[in-house]
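K.L.:
Take a look at this one; I'll ask things after.
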Amino acid sequence: MNVSLNWLSALLGHPLDAQDVAHRLAMLGAGVEAVEPLHQDLGDVIVGLVERVAPHPNADRLSLCLVNTGAAQVEVVCGASNVKAGGKYPYAPEGATLPGGLKLSARKIRGVLSHGMLCSARELGLGTDYEGILELATDAAPGVPLLDVLPVADTRLVLEITANRPDLLGHKGVARELGAVYGVPVKLPDFPGSASLGLAPRRAERPGTVGGVEVTIEDVEGCPRYLAAVVRGVRVGPSPAWLEARLRSVGARPINNVVDATNYLLYELNQPLHAFDLAQLRGGRIIVRRARPGERVTTLDGEARSLTAEMTMICDAEGPTAVAGVMGGRESEVSHRTTDVLLECAYFDPRRIRGTRKALRMDTEASYRFERGTDLHAMPDVVRRAVALLRTVAGGEERDPPVDVYPAPVRPRVVFVRPERVDHLLGVSVPRDEIERHLTSVGFAVAPKDGRLHVQVPGWRPDVTREVDLIEEVARLKGYDAFPVELRPYRPSTVPDDPVEALKARLRRVLTGMGLHEARTLPLMPAHGQAAAVTVANPLSQDHSALRASLLPGLLRAVEQNWSVRQREIRLFEIGAAFQRATDGKLLEQLRLAAVVTGARVPPHWSNRFRPPDYEVWDLKAMFAEAARLAGPPGEVAETDGGWLLRGRDGRQGGWAGALQAEGPKWSAPVYGFELEVRVAERPAVRFVGLPTTPSLERDLALVLPDGLSAREVEAVLREAGAPLLERAWPFDQFRHPELAGRSVAWRLVFRVADRTLRDDEVDPVVERMVKILKERLGVARREA
């Protein structure tokens, strides 16, 4: 959105500094992307009075002009045919620098010395006309700076407007925000030589008539309100200089005085208008309806466009004449022959306009605003101002009041706000009168009611629908930089974290603690090579034509990409979704965890004399077992050919770990990886156990385990037989010898009771009992030294 600083100053009646305005708008939520000076390089140009025009002695198409500069009379060679004695024109003297960096000096043209030059609009950067010298209709004396006569020096601000703030797409809306922080009111300025405001519109719930034209709304959903005014006897021609300067300051191109008047109101009040040539409206009717099958319309850009029933159209008695809210039609376009004009001011449904614009592939200033929402309640005032501006720049008269067809009037929205809620959400106390002052400064109507504030939302703020929106307005206008930066006391939320997100966070902590880095890979992959691939209806490419059934292929591609940039130590994990087709055809989405490791276990460091060892399958098994314990389905990790499987208690496979196949360079290490299904299970309650206050007794017990007997089975018997004195038991050594019938496993046993110190004669019988039970149940004997 381009904004003119001069235009804002006129609305506020207050001089503005561009940098200060940019800072204040940014603090209000409308960032300024650029600050661009306009026409400030015309300071050397003055008003010149041409006192005499004579033919050039050596050229038929050139003339010699005697120019009064106020300080002297100089001779200037000119090639324009519109220069006349007694006229005033922009004069650039010797030494002046024109836009584009051209520096003037006296030089001979066909044998005659020319001192400076008379300038065209194009040479001054004020238009595209370069065939004639710019004529100045002014009483200013010769030598007066041109910028005093043509106030075109300006500063353009390029604003970044979010979609929820359509009010900032007009200068009045931006000025309203600045007026709130500067403490000055916004007032629409009078037009130079302006006519009085137009007549007050006349309300009509059913079809209404103005100037002999009947206005009917058939598509009330697409167009809830439509106003039309008729101005007769206009004279279409160029716009006055002040109006052209306003439009150029925001990057718009002047067309003619009628069209320029509608564009001026668009940029000032954020209300798109359209002017129809009344003589070209067939049958004296305006009908707002949906398009019919097979209908076409030729728009102002000369394109013939096919219409659909989802589009709202402006039609006359014979067919479509404009695409509602997007662009007018060629047949009813205002031209130099136009004498009577019908002005349209309407509200169109944002969704309908967005759909029409996309279907027709058209982007216009009008559709951009209608898509975001215009002010439904301010339209009568806009029409009156538009009629006044049209009569000012093009003449004519308004014989009948405008018609306001409004079948189902909508009341302004009312939202209640509680001052105590404001204090609670903002964390600071905001007095009631300050809340009222902030809200009224930007157009909200506020009145106290039953301990609350009754707030009527203006039509230009469609984004304000809830109490919290008003509280946000208070914070924004108070200034975010006015809030304290220290952490204040607050009440933690009683809402528990989502179990899935809590589990993901726990997995991230554990895996990053193991030295792994989280990766995010695309959930899309090639469809070929996948059994029962879940294909995408509109794929980006063949390599992204199906949803992934596993996370490991994506991580392997990441490994290969790291190899390509000579990274050998790679440790990655990902938590994401995998997709499958069920037997009944339904799409199943499953949360999974996958990880890949390759290269050294630890990064190289100067303190290590030797190269760190690479990852082995046993490192992978430890990671897999820990991940399965945290997130996998209940079950056991069992060894299988080429790796390990996580088998759930229901018999289903819940995960796999093992070596992966990857094409790596010669210096790469083997790649290991695992993938498992993430199950959210209820976590056991955390039980606090105090530190022991009595000493323990420890015993080491070496046992000979037959082949096939696991240490877990032995530990279970030890705990059962050693209760209640046995506190902990764990294996710390394993020994094999040909003379042993099996393997020797050494256990450390810790005994303790909470109320006294144990004696040896209490612990030794317990150890003997444990050995006896192990012999009887499992055939495990104590290994003799």
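The values are calculated or read from the model by the stated rules, or taken from the named source; none is laboratory data. Please read these numbers as outputs of a predicted model, since none were measured by experiment. Because the Cβ atoms are built from the backbone with ideal geometry, glycine has one as well, and the counts that use them run over all protein chains shown. Note: accessible area is taken over every heavy atom of the protein model, side chains too, but ligands, DNA and RNA are not part of it. Shrake-Rupley method; radii C 1.70, N 1.55, O 1.52, S 1.80 Å.
K.L.:
For the residue pair Tyr182 and Ser81, what label-to-label distance in nm results when each label sits 7 Å from Cα along the Cα-to-beta-carbon direction?
P.N.:
Distance between label points: 4.7 nm.
K.L.:
Which peptide among 107-119, 268-280, 638-650 comes first, and what is the full order, when sorted by highest mean count of other Cβ atoms within 10 Å?
P.N.:
Most protected by this proxy first, the peptides run 268-280, 107-119, 638-650.
K.L.:
On a full-extension model of 0.36 nm per residue, what is the gain between Asn58 and Gln661, subtracting their alpha-carbon distance, rounded to one decimal in nm?
P.N.:
In short, 208.2 nm is gained.
K.L.:
Another question about this same structure. Mind giving me the FRET efficiency for Asp190 and Glu682? R0 is 60 Å, r the Cβ-Cβ distance, nearest 0.05 is fine.
P.N.:
The calculated FRET efficiency here is 0.25.
K.L.:
Would you kindly compute the Cα radius of gyration of region 67-145 and its largest Cα-Cα separation (Dmax), both in Å?
P.N.:
Rg, Dmax (Cα atoms, Å): 12.2, 34.
K.L.:
Roughly speaking, what % of Cα-Cα pairs in region 16-71 are separated by over 12 Å, rounded to a whole number?
P.N.:
Result: 77 percent of Cα pairs exceed 12 Å.
K.L.:
Could you let me know the centre-to-centre spacing of region 91-140 and region 166-224, using Cα atoms, in angstrom?
P.N.:
41
K.L.:
Grab the other residues whose beta carbon is less than 12 angstrom from that of Pro380, score K and R as +1, D and E as -1, and report the net.
P.N.:
+2
K.L.:
Another one. Which percent of the accessible area of region 128-229 is formed by carbon and sulfur heavy atoms (probe 1.4 angstrom)?
P.N.:
Using a 1.4 Å probe with all protein chains present, region 128-229 comes out at 50 percent carbon and sulfur.
K.L.:
Suppose R0 equals 22 Å; then what is the FRET efficiency for Trp242 and Asp148 from their Cβ-Cβ distance, rounded to the nearest 0.05?
P.N.:
That gives a FRET efficiency of 0.95.
K.L.:
Can you pull the percent of region 583-704's accessible area that's carbon plus sulfur, 1.4 Å probe, other chains left in place?
P.N.:
In region 583-704, the share of accessible area belonging to carbon and sulfur is 53 percent.
K.L.:
Greater than 29 Å separation of Cα atoms is the criterion. Which listed pairs, Lys103/Lys172; Lys88/Lys108; Lys586/Lys621; Lys187/Lys478, meet it?
P.N.:
From Lys103/Lys172; Lys88/Lys108; Lys586/Lys621; Lys187/Lys478, over 29 Å: Lys103/Lys172; Lys586/Lys621.
K.L.:
Given that just one value was derived from the coordinates, which of [x] 43.5; [y] 57.6; [z] 45.7 is mean projected area of the Cα convex hull in nm²?
P.N.:
Computed from the coordinates, mean projected area of the Cα convex hull in nm² corresponds to [y].
K.L.:
Just the number, please: Stokes-Einstein D of region 489-547 in µm²/s, Kirkwood Rh from C-alpha pairs, 10 °C, 1.306 mPa s.
P.N.:
Answer, rounded: 105 µm²/s.
K.L.:
For the chain, what does -39500 (n - 2.57) per DSSP helix run (n ≥ 4), summed and divided by total residues, give at 222 nm, in deg cm²/dmol to the nearest 500?
P.N.:
-7500 deg cm²/dmol
K.L.:
For Glu501 and Arg601 in the same chain, what is the full-extension length gain: residue separation times 0.36 nm, less their Cα-Cα distance, in nm?
P.N.:
33.1 nm
K.L.:
Over region 384-512, what lengths in whole Å, largest first, do the semi-axes of the equivalent ellipsoid take, defined as the square roots of 5 times the eigenvalues of the alpha-carbon gyration tensor?
P.N.:
They are 46, 22, 17 Å, listed from largest to smallest.
K.L.:
Turning to a different aspect of this structure: Using a cut-off of under 11 Å, list every residue of region 711-746 whose amide N is near the label point 7 Å from the Cα of Ala702 along the Cα-to-beta-carbon line.
P.N.:
734-737, 744-746
K.L.:
With r as the distance between the Cβ atoms of Val414 and Arg232 and R0 = 35 Å, compute the FRET efficiency 1/(1 + (r/R0)^6) and round to 0.05.
P.N.:
0.25
K.L.:
What accessible area per residue, rounded to a whole number of Å², is obtained for the chain using a probe radius of 1.4 Å?
P.N.:
52
K.L.:
Sticking with this structure for a sec: Using only protein heavy atoms and a 1.4 Å probe, report how much of Tyr264 is accessible, in Å² to the nearest 10.
P.N.:
Probe radius 1.4 Å; accessible area of Tyr264 about 10 Å².
K.L.:
Looking at Thr494, Gly635, Leu718, which one has the Cα that reaches farthest to the positive end of the dipole of the chain (charges on Cβ: Lys, Arg +1; Asp, Glu -1)?
P.N.:
The residue sitting farthest along the positive end of the dipole is Leu718.
K.L.:
Give me the percent relative contact order of the chain, please, defined on Cα pairs under 8 angstrom at least 6 residues apart.
P.N.:
For the chain, the relative contact order is 8 percent.
K.L.:
Please sort through the DSSP H helices of the chain and keep those with an alpha-carbon extent of at least 24 Å along the long axis and a Kyte-Doolittle average not below -1.0.
P.N.:
Those that clear 24 Å and a mean of -1.0 are 760-778.
K.L.:
Now, a different point. Which percent of the accessible area of region 1-93 is formed by carbon and sulfur heavy atoms (probe 1.4 angstrom)?
P.N.:
The C+S portion of the solvent-accessible surface of region 1-93 is 49 percent.
K.L.:
Same structure again: How much accessible surface area, in Å² rounded to 10, belongs to the heavy atoms of Ser441 with a 1.4 Å probe?
P.N.:
Here the residue's solvent-accessible area equals roughly 40 Å².
K.L.:
When a/c is below 1.5 the answer is rounded, else prolate if a/b is larger than b/c, else oblate, so apply that to region 169-224 with a ≥ b ≥ c taken from the square roots of the Cα gyration tensor eigenvalues.
P.N.:
oblate
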